Amino acid sequence: MPADTPPPPDDAPVRRLGRVGRTWRLAAAGTGLVVLVVAQLIPPSTLDTNDWFPLGSLSQYAFAGDPNGVVASSGVVGVTADGTEVSVWLDQMGIGVGHAEIEAQVDRIVADPSLLQDVADAYAWRFPDRAPLVEVRLERTTTQLHDGKPTADRSTEVLATWDVEDAGGSGTGSTDGTGSAHEGAGS
């Protein structure tokens, strides 16, 4: 309420919502509720995606994880020319690519490590004052849980490696799972 508008008197009449207004609000609320309920009833295999959030299946919240199981998380590590390893931040404040986006593309990156060139390019663009990356690795860290808490039992596996393309456009990569080499775009 603007400062120059006097407050309403205590005996001001209460305005009730009319029949049309009540009907419109009930219809809108009912439609929203029907959409949310139907979205939960669609088989998860057909709608198991974040693209429909918040209308997708919430199956990710439906089951508890094994408190003595393992947690696997993928990440990206860069290496500078002097051998310094740099953890590449996977969020909007880092290279602008979210962690979930990399996790969703692990199989593609393993099959084609040249996709890691985009990570190196984003890093160079976002952090021009830092040493450039000469190598980028996709790694998976697996942590053992005990009673739902992480233990010291942790391992890291390199899934794919990419030698960053130089100005000439050449780069090489490998997938540690198969040992096969992949040539860069300019080779």
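Summary table
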read-out: Candidate set: segment 134-162, residues that are acidic (D, E) and modelled with pLDDT of 95 or more; chosen: the one farthest from G69 (Cα to Cα); value: E135
read-out: Index of the failed condition, Y61 passing every other in (1) surrounded by fewer than 14 Cβ atoms within 10 Å (Cβ to Cβ); (2) at pLDDT 90 or above; (3) hydroxyl-bearing (S, T, Y); value: (2)
read-out: Matching residues, segment 81-111, being out of contact with any strand residue (DSSP E or B) (no Cβ under 6 Å at 6 or more places or on another chain), surrounded by 13 or more Cβ atoms within 10 Å (Cβ to Cβ) and in contact (Cβ under 8 Å) with a residue 40 or more places away in the chain; value: A111
read-out: Residue in segment 141-151 that is in a loop (DSSP other than H, G, I, E, B), over 23 Å from A72 (Cα atoms) and not basic (K, R) present; value: no
read-out: Test: residue in segment 165-181 that is more than 18 Å from V97 (Cβ to Cβ), touching a Gly at 6+ places or on another chain (Cβ under 7 Å) and modelled with pLDDT of 90 or more; value: no
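The values are calculated or read from the model by the stated rules, or taken from the named source; none is laboratory data. Values in this document were obtained by computation on a predicted structure and should not be read as measured data. Glycine gets a Cβ as well: all are built from the backbone with ideal geometry, and neighbour counts include every protein chain shown.
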